[in-house]
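This report concerns only the one structure given below.
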Amino acid sequence: MIKSQRDKFDLPKDVTYLNCANIAPLMKSLSRLGKEAIDQRARPYQISRSDWFEPTDKLKRNFAKLINCENHNRIAVLPSVSYGIASVAKNIQLNPNDQILVVDEQYPSNYYSWVNIAQEFGAEIKVVKPPSDLKNKGKIWNEKILESINGETKIVALGNVHWTDGTLFKLKEISDKVKQHNALLIIDGSQSIGALPFDIQEIKPDAVFAVGYKWLLGAFSFAFGYFGSQFDNGKPLEENWINRKDSHDFQRLVEYTPEYSPLAGRYNVGENSNFHLTSLMNGAIEQLLEWDVANIQEYCKKLTAETINELRELGCIIEENDYRTSNLFGIRFDNSIDLNALQAKFEKNKIYASLRGSAVRISTNVYTDQNDMDKLVDCIKTILK
């Protein structure tokens, strides 16, 4: 178990930051790493040949450890989740009337590419909606997802949790059903990986993606992709030099080759050496590995347990504990209240959270403390009165 790590972040005492699901604050140590990297870029003669490759290779190894992936060559460095989703979508063939299953109000980055290939092949987007009754929503929604996977299902694309309110999708059960029908499981882990344990060996997905600037506590314009064996011989979105075999030998770059780097190496974004941000991103993931993601989830669980009970007693609707994450949860209200007035109250009290759909989205992390939770409850009490 870990204690509060607020001292590692530049968060004033009067600021309650409950918006990691939007963008995480950088740790002080990472800010220093970023500044050092920019300073080095001012002296390019100090950048060696190995600097083009070794930090990125280290980054892949670190992310592979984080998700229990045995082979770091299955990890690609990307600029965004949408880039990764587009990469796998480019390498999937469908037949007319095949189904691509998504959940209602899914994050757009894990939606638009599926619409494109559905239109290209005459396939169908099947949207699984949650029940209208908010009680037991997560349980019933998971049951509906499982019931919707059948012989016509070719792709199931969803997040580990729903981005608006933290509803937890039971990926192991979903994966088992997907495999029964020889379909593909594509996961957007942006709102879970880094704060909720994720195990490639257990879930056995075909592809997984996560952005760097949320729960990985790192850099914007950085994302990671795990590509399973289905995509070993695929075509990447772009043809950049660094993704080709033997690209380490600068002198031989004029000797063109049809061969790519091993496995997911072909899907790396161009300029993935990224001297400005790679050290910062490595520092963030190494800190997560040191803390252990299971400990982060446990910290958030203990911190928010009493707060959630208090909010429920006030009439707030929050997903049942077994079907939501502890780092991210949505608050809804039985009676209609003015959410914009609540947001204004938050801002006045320096509480930073998000409105997503009908939910007030609360996202906590290791820098959140009891004072933050107390402020949240007091503010909601005031509005409800």
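Rule-based calculations on the coordinates, nothing more; no lab input. What you see is a predicted model, and the numbers here were worked out from it, not measured in a lab. Glycine gets a Cβ as well: all are built from the backbone with ideal geometry, and neighbour counts include every protein chain shown.
Data overview
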item: Point-charge dipole on Cβ atoms (K/R +1, D/E -1) for the chain, about Cα centre, debye to 20; result: 520 debye
item: P(r) tail fraction, the chain - alpha-carbon pairs more than 25 Å apart, %; result: 57 percent
item: The stretch 305-351 and the stretch 13-29: distance between their alpha carbon centers, rounded to Å; result: 19 Å
item: Inverse of mean 1/r across different Cα pairs in the stretch 124-219, Kirkwood, Å; result: 14.0 Å
item: Mean Cα-pair separation over length for the stretch 44-290, i.e. relative contact order, pairs under 8 Å, 6 or more apart, %; result: 26 percent
item: Where chymotrypsin sites (Phe, Trp or Tyr not before Pro) fall in DSSP loop in the stretch 1-70, at most 16 other Cβ within 10 Å; result: Phe53
item: Chain lengthening between Phe275 and Ser29 when straightened (0.36 nm per residue, less Cα-Cα); result: 86.9 nm
item: Whole-number D in µm²/s for the stretch 336-385 (Stokes-Einstein; Kirkwood sum over Cα pairs; 4 °C, 1.567 mPa s); result: 114 µm²/s
item: Leu134-Glu298 pseudo-label distance in nm [points 7 Å out on the Cα-to-Cβ vector]; result: 3.2 nm
item: Arg356 versus Ala305: modelled label distance in nm, points set 7 Å from Cα along the beta carbon direction; result: 2.5 nm
item: Cα-centre dipole for the stretch 46-198 with unit charges at Cβ (Lys and Arg positive, Asp and Glu negative), debye to 20; result: 380 debye
